[in-house]
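Note sheet for the following structure.
The values are calculated or read from the model by the stated rules, or taken from the named source; none is laboratory data. Note that this is a predicted model, so its numbers are computed, not measured. For neighbour counting, all protein chains shown are included, and Cβ atoms are generated from backbone atoms with ideal geometry for every residue, glycine included. The accessibility values were calculated without ligands, DNA or RNA, using every heavy atom of the protein model including side chains. Shrake-Rupley method; radii C 1.70, N 1.55, O 1.52, S 1.80 Å.
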Amino acid sequence: MKKLLLGNEAVARGLYEAGCGFVSSYPGTPSTEITEAAAKYDEIYAEWAPNEKVAMEAAFGASLSGTRSFCGMKHVGLNVAADPLFTLSYTGVNAGMIIAVADDAGMHSSQNEQDSRHYAIAAKLPMFEPSDSSEGLEFTRLAYELSEEYDTPVLMKMCTRVAHSQSVVELGERAEIARKPYEKNVMKWVMMPGMAKKRHPIVEERTRRLVEFAENSWVNRVENGSDHSMGIITSSTSYQYVKEVCGDRFPVLKLGMINPLPEQKIRDFAASVEKLVVVEELDGIIETHCRSLGLEVCGKEVFPLIDEFSQNLVAEKLGQPKHAGKKLDESLPARPPVMCAGCPHRGLFYTLKKLNLTVLGDIGCYTLGAAAPLSAIDTTICMGASVSGIHGYNKASNEANAGKTVAVIGDSTFMHSGVTGLINIAYNESNSTVIILDNSITGMTGHQQNPTTGINLKGDPAGKINLEKLCESIGIQSIRVIDPYNLKECEDVIKEELAKECASVIISRRPCALLKYVKHPGPIAVNRDKCVGCKSCMKVGCPAISMKDGKAIIDNTLCTGCRVCTQLCKVNAIG
Amino acid sequence: METKNIMIVGVGGQGTLLASKLLGRLLLTRNYDIKVSEVHGMSQRGGSVVTYVRYGEKVYSPIIDKGEADFILSFELLEAARAAEWLRPDVGTLITNTQQINPMPVITGAVNYPEDLLGKLKTLGLKVDALDALSLAQEAGSSRAVNLVLLGRLSNYFRDFTEEEWMTAIEQSVPEKFLEMNKKAFHLGRIA
Ligand SMILES: Cc1ncc(C[n+]2csc(CCOP(=O)(O)OP(=O)(O)O)c2C)c(N)n1
Ligand code: SF4
């Protein structure tokens, strides 16, 4: 049967067809839908783990027990899971194990533009790189076979345009894979120095054998062309742009496996063309490999290291005709993302701005509190960095900033890696104030459950972490809960906690406005006779409020009736 | 057959994804190669969103580049203006909702919402087909049905697909509960 599937859904289909039985992941755009789609198959146990390291280790445990397993994450998630990654390369697997990592060239939804292919090289692991949904499915099935045959976890590298593009796939049946019994084997599974020393040569030998696989496998294919004045080596979505621009004119070496790379196949291809060009997004990894083979190649001196490619870019760089359109001769206002109308984060950030605090921020919908007019966030680095960072900031300044600084972190992010930072605050005793923005969901990545919500990935009731008790047990002395819709309460409690000479946690609790179970009171309106046009209500940056003819007006298709703006109006015009 | 390109633009939360999914389902009933490129993640929070639908004998790139779109289906006027450069000169058609949604820089007063965008787009020499999809959606029963109104309008340019085929694609794409309302919205867009 033919179906249109996202690249991510196709990988999930591949998991299903290959008999995968265990999935553990942490969400992250553009990887999330693999796990969400896998969870729809009854045959697959699938869960959200608190972070990527936990997910990868859980997937390893499942493989050890004899079940084909999977974990998925975005590029920066692989940084978090890098520790198990490097040593799992040594132990290898029992049942097959796949690790998907999704890069985000162009940074549609990310804080950096790192190229995850470096991890495959550094950890000496095979990495596939599909260029559309159909390859996503086929490569996933193949990856399990490779994983078991070569005794290695296999990386599946996605990127935004492959992960989030639907294309046509041919569905197959699920293979029933017999469990592989676990056998005790300390030489393979216990990586103490003595054993690891014996495993390392096995890894190097495996890479040598994988190069042979790369030489012969169909995943690395030559597509012939009529014009041998140029030959192009490419992979992933870059391949699609090259074909879009050049059709069948130039020979193309299309690589489906990015590590290890073949040698003879590339030499032969290079010898068959006059000029060798490598087209790859982000870093020059294939190019560097070609140079190490002593080949002359054109790559990053022409193609950018930055941003995603497109057919026009590839056409221009290859000296081919490109398309152009007609453009309005004026600069148009940008439309950056904003917190939703009714978002519980808004009232809290309004208060932080009003109190003029230094705010160490973190990653989630609440990062949008950095944008005007709230402009309340001072830093955003990576998940958890707010809580760890405020401790260093306060300690190093001898607590001189303690009454003027807070850390903000979402519930999912706190579970991911905020809690370890809080343990540091408690253990090394800094007078830090941490605000947990508990909206009962992982909002930014599209509303996934997490350990604080009491529901699991399959939608069933699950364990629920009690944030107050957790903080208390760590040793945080002052723990307060506030409603971010209540501006006075927010302000009073934040002031009180900042004045205290101890570490404190404020839990700002109200569910995300987009959750189905949340019942909103419904839109409110501005009384235009009362409104004096002072724009006080505009300070919260709500997309539902704008000015019309000198008076505020509320868009009733957006307003939820949260009444945060009502509290700002000095003449009681909103209600 | 030459690859056809439909670009769907709007504001995160307006339901552009459903429109592209529905088109994908419709096109799949013919033996086309199809690519539909979606936006997930950050920009869905009220930012500019762009979805690409491409079909033909063999489709390579998942995206549509400047000067390539046969149709742009825009859910909002400023987004139509932003996307205009992606239209194929001379042959492309820009179908747009006349609704204006202020972006944050306009709300904060940093800049103004540009004046007379429709007029300017027409002066550029683009084929513009504008309609008040929000009012029609409200007439059908919900402001959230703007996507179906616009698809209804687009369907006029795809006469080789029968109304029945469109209806089947709608049935496959929207929840049962809202089916009648969405069909009505589609119809209002189609006859508008
Ligand atoms: C290491 C890592 N993994 C995943 C992500 C993707 N990501 C960005 S924000 C976020 C979670 C946000 O959830 P929460 O903290 O609850 O805040 P909310 O968006 O609900 O306000 C995730 C998973 C990331 N940026 N870094
Ligand atoms: S999705 Fe939820 S948490 Fe995110 S901005 Fe919207 S209301 Fe706020």
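Going by alpha carbons, how many degrees (0 to 90, nearest 10) lie between the helix axis of A:7-17 and the longest principal axis of chain A?
Compared with the principal axis, the helix lies near 60 degrees.
With no solvent and one point per C-alpha, what does the Debye sum give as log10 I(q)/I(0) for the stretch A:220-318 at q = 0.14, 0.24 Å⁻¹?
Each listed q maps to, in turn, -0.44, -1.45.
For chain B, what is the percent of antiparallel DSSP beta bridges, rounded to the nearest 5?
Given both bridge residues lie in chain B, the antiparallel proportion sits at roughly 50 percent.
Kindly compute the accessible surface that chains A and B hide from a 1.4 Å probe when together, both sides summed, and give it to the nearest 100 Å².
4900 Å²
So which of A:K188/A:K265; A:K327/B:K127; B:K66/B:K122; A:K353/A:K570 end up more than 24 Å apart, counting from Cα to Cα?
Over 24 Å apart, Cα to Cα: A:K188/A:K265.
Name the residue farthest towards the positive end of the dipole of chain A from the options A:L5, A:P333, A:L78, assuming +1 on Cβ of Lys and Arg, -1 on Cβ of Asp and Glu, about the Cα centre.
So the residue furthest toward the plus end is A:P333.
Are there GluC sites (Glu not before Pro) in the stretch A:12-110 that DSSP puts in a loop and that have at most 12 other Cβ atoms within 10 Å, and which ones?
When the GluC sites (Glu not before Pro) of the stretch A:12-110 are filtered for loop state and at most 12 Cβ neighbours within 10 Å, A:E43 remain.
Quick one: dipole size for chain B, taken about the Cα centre, charges +1 on Lys/Arg Cβ and -1 on Asp/Glu Cβ, in debye to the nearest 20.
Here the size comes out at about 200 debye.
Starting from the 7 Å offset along Cα-to-Cβ, what nm value, one decimal, do you get for the label separation of A:S331 and A:D555?
2.3 nm
Counting DSSP beta bridges in chain A, what percent are antiparallel, to the nearest 5?
In chain A, approximately 25 percent of DSSP beta bridges are antiparallel ones.
Read phi for every residue in the stretch A:237-249 and hand back ³J(HN,Hα) as whole Hz from Karplus 6.51 cos²θ - 1.76 cosθ + 1.60, θ = phi - 60°, with x for Gly and Pro.
Once rounded to whole Hz, the list reads 6, 4, 4, 5, 5, 4, 5, 4, 7, 9, x, 9, 5.
Specify the inter-centroid distance of the stretch A:243-262 and the stretch A:346-415, based on alpha-carbon positions, in whole Å.
If you average the Cα positions of each part, the centres end up 46 Å apart.
Averaged across the residues of A:227-240, what count of C-beta atoms belonging to other chains lies within 10 Å of each residue's C-beta?
That works out to 1 on average.
Would you work out if the stretch B:81-161 is rounded, prolate or oblate? Take a ≥ b ≥ c from the square roots of the eigenvalues of the alpha-carbon gyration tensor; rounded if a/c is under 1.5, else prolate when a/b is larger than b/c, oblate otherwise.
In terms of gyration-tensor shape, oblate.
Post the alpha-carbon centroid distance, the stretch B:1-79 to the stretch A:417-448, in whole angstrom.
So the separation of the two Cα centres works out to 38 Å.
State the dimensionless ratio Rg/Rh of the stretch A:519-575 (Rg: radius of gyration of Cα atoms; Rh: Kirkwood radius).
0.91
Name the residues whose placed amide hydrogens come within less than 5 Å of the amide hydrogen of A:C298, ignoring near sequence neighbours (fewer than 5 apart) on the same chain.
A:L276, A:V277, A:V278
In nanometres, what is the gap between the two model label sites at A:R174 and A:M1, each 7 Å from Cα along Cα-to-Cβ?
Going from the A:R174 label point to the A:M1 one covers 1.4 nm.
Given 10 Å bins starting at zero, what is the percent of C-alpha pairs of the stretch A:36-194 in each, up to the one with the largest pair distance?
That works out to 10, 40, 37, 11, 2, in percent per bin.
Write out the trypsin sites (Lys or Arg not before Pro) in the stretch A:1-83 meeting two conditions: DSSP loop, and at most 16 other Cβ atoms within 10 Å of their Cβ.
A:K40
Between B:E57 and A:Q111, how high is the FRET efficiency from 1/(1 + (r/R0)^6) when r is the Cβ-Cβ distance and R₀ = 51 Å? Nearest 0.05.
After rounding, the FRET efficiency stands at 0.80.
Averaged over all directions, how much area does the convex hull of the C-alpha atoms of the stretch A:345-509 cover when projected, in nm²?
8.8 nm²
Run the dipole for the stretch A:220-318 about the Cα centre, Lys and Arg Cβ at +1, Asp and Glu Cβ at -1, nothing else charged, and hand back the magnitude in debye, nearest 20.
About 280 debye.
Count neighbours as other Cβ atoms within 10 Å of each site's Cβ, and list the GluC sites (Glu not before Pro) in the stretch B:9-72 that are DSSP loop with at most 12 such neighbours.
B:E57
Any residues in the stretch B:65-84 that have 20 Å² or more less accessible area with all protein chains than in their chain alone, probe 1.4 Å, and which are they?
B:D65, B:K66, B:G67, B:E68, B:L78, B:A81, B:R82
Relative to the longest principal axis of chain A, what angle (0 to 90°, nearest 10) does the C-alpha long axis of helix A:487-499 take?
Here the helix axis deviates by roughly 80 degrees.
Could you check how much of the accessible area of the stretch A:76-159 is carbon and sulfur, as a whole percent, using a 1.4 Å probe?
The nonpolar share, carbon plus sulfur, comes to 48 percent.
Leaving out same-chain residues fewer than 8 places away, which lysines sit with a Cα under 23 Å from that of A:K516?
A:K40, A:K458, A:K464, B:K21, B:K177
Given the alpha-carbon gyration tensor of chain B, what are the semi-axes of its equivalent ellipsoid in whole angstrom, ordered largest first, with each equal to the square root of 5 times an eigenvalue?
For chain B, the ellipsoid semi-axes come out as 24, 21, 16 Å.
Looking at chain A, identify the longest residue range that excludes and avoids all chymotrypsin sites (Phe, Trp or Tyr not before Pro) in DSSP loops having at most 15 other Cβ atoms within 10 Å.
Value returned for the longest uninterrupted segment is A:219-516.
Counting only protein heavy atoms and using a 1.4 Å probe, what share of the accessible area of the stretch A:220-318 belongs to carbon plus sulfur, as a whole percent?
46 percent
Taking the Cα centre of chain A as the origin and placing charges on Cβ (Lys, Arg +1; Asp, Glu -1), which of A:L355, A:I409, A:A122 is farthest toward the positive end of the dipole?
Positive-end residue among those listed: A:L355.
Hull surface divided by four, with the convex hull built on the Cα atoms of the protein assembly as shown: how many nm²?
34.1 nm²
Per residue, how much accessible area does the protein assembly as shown show when a 1.4 Å probe rolls over the protein heavy atoms, in square angstrom?
Here the per-residue accessible area is 39 Å².
Against the longest alpha carbon principal axis of chain A, how many degrees, from 0 to 90 and to the nearest 10, is the axis of helix A:193-216 turned?
With rounding to tens, the tilt is 70 degrees.
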